[in-house]
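To start, the structure under review is shown below, and the notes come after it.
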Amino acid sequence: MTLVNTIKLEARFSFQDLISTNKIMWIGTILAVSYWIVESAADSVVLNLGSFTERFFSLDSHELWTRLFIVFLLISFSTYTQLITNRRKRTEGALKASEVLYRTALCSIGDAVITTDKKGKVRQLNPSAEKLTGWSEAEAKNKALVKVFNTINEETRQTTGNPVEKILYEDTIITLVNHTLLISKSGNEIPIVT
């Protein structure tokens, strides 16, 4: 089974979830049966309405349907809770698997790639970007992109600005102009070819 199929399967409920032996469902069942037993014992001992056995197996339709309804609610709630818990666990597993896939893809790209959040703070660098910028991913994480990806115009020596701001505010794809230099952490000037 491929990773993509696994992720698709993780988002659905299955019959196996419904019948799996799980703590929450068993607790709900035990609570429901305990309720029935305690109510029968209270009826027989406290209210003196007959023996425990008569009260437990009472066929009085009102009491029987009330007990069955409460048992049904407790078991249904516990089953639903377990389904949600199972779904959350599967979704978390699928998310971790997709993060591994994303990370693998990012690291295998030959070009330098730096990812940022919307504020322009560095989130990840692939190995090629680490070599070019001189920053390790751990050092660069949460730093402003302009600090890690410091670029200047080769001729004017002016900074070229923050490409993330241009992308977010102008909502356009940008390319760096020719004669752009990347200033690495150590101060080396590396020409960027577009």
The stretch 40-55, residues that are in contact (Cβ under 8 Å) with a residue 12 or more places away in the chain and open to solvent by 50 Å² or more (accessible area, probe 1.4 Å): 52
Among (1) over 28 Å from the mean Cα position of the chain (by Cα); (2) closer than 28 Å to residue 101 by Cβ; (3) exposed (fewer than 13 other Cβ atoms within 10 Å of the Cβ); (4) not hydroxyl-bearing (Ser, Thr, Tyr) - the single one residue 193 does not satisfy: (2)
Test: residue in the stretch 102-113 that is at pLDDT below 85 and open to solvent by less than 40 Å² (accessible area, probe 1.4 Å): yes
Pairs where the first residue, in the stretch 108-127, is within 14 Å of residue 141 (Cα to Cα) and in contact (Cβ under 8 Å) with a residue 12 or more places away in the chain and the second is among the hydroxyl-bearing types (Ser, Thr, Tyr) and surrounded by 18 or more Cβ atoms within 10 Å (Cβ to Cβ), C-beta under 9 Å, 6+ apart: 114/133; 122/116; 123/116; 124/116; 125/133
Candidate set from the stretch 172-190 (those that are open to solvent by less than 80 Å² (accessible area, probe 1.4 Å) and of a type in the set (Ser, Thr, Tyr)); member that is nearest to residue 119 (Cα to Cα): 172
Filter pass, residue 84 being closer than 30 Å to residue 55 by Cβ and among the hydrophobic types (A, V, I, L, M, F, W, C): no
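Yes or no, residue by residue, for (1) at pLDDT 70 or above; (2) touching a strand residue (DSSP E or B) at 6+ places or on another chain (Cβ under 8 Å); (3) of a type in the set (S, T, N, Q):
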{"site": "15", "(1), (2), (3)": "no, no, no"}
{"site": "34", "(1), (2), (3)": "yes, no, yes"}
{"site": "37", "(1), (2), (3)": "yes, no, no"}
{"site": "55", "(1), (2), (3)": "yes, no, no"}
{"site": "59", "(1), (2), (3)": "no, no, no"}
{"site": "69", "(1), (2), (3)": "yes, no, no"}
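Kindly indicate which of 76, 20 is surrounded by 12 or more Cβ atoms within 10 Å (Cβ to Cβ) and modelled with pLDDT of 80 or more. Lay out the reasoning, then the answer.
On the way: 20 fails: modelled with pLDDT of 80 or more.
Result: 76 is the single residue among 76, 20 that is surrounded by 12 or more Cβ atoms within 10 Å (Cβ to Cβ) and modelled with pLDDT of 80 or more.
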Leading residue by the ranking (surrounded by the fewest Cβ atoms within 10 Å (Cβ to Cβ)) among those in the stretch 116-148 that are at pLDDT below 90 and assigned to a loop (DSSP other than H, G, I, E, B): 118
Pair list, Cβ < 7 Å and 6+ apart or interchain, from the stretch 156-171 residues that are open to solvent by 30 Å² or more (accessible area, probe 1.4 Å) to residues that are modelled with pLDDT under 80: 160/176; 166/174; 167/174
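The values are calculated or read from the model by the stated rules, or taken from the named source; none is laboratory data. What you see is a predicted model; the values in this text were computed from it and never measured. Heads up, the Cβs are rebuilt from the backbone with ideal geometry, glycines too, and the neighbour counts pull from every protein chain shown. Heavy atoms of the whole protein, side chains included, go into the accessibility calculation; ligands, DNA and RNA do not. Shrake-Rupley method; radii C 1.70, N 1.55, O 1.52, S 1.80 Å.
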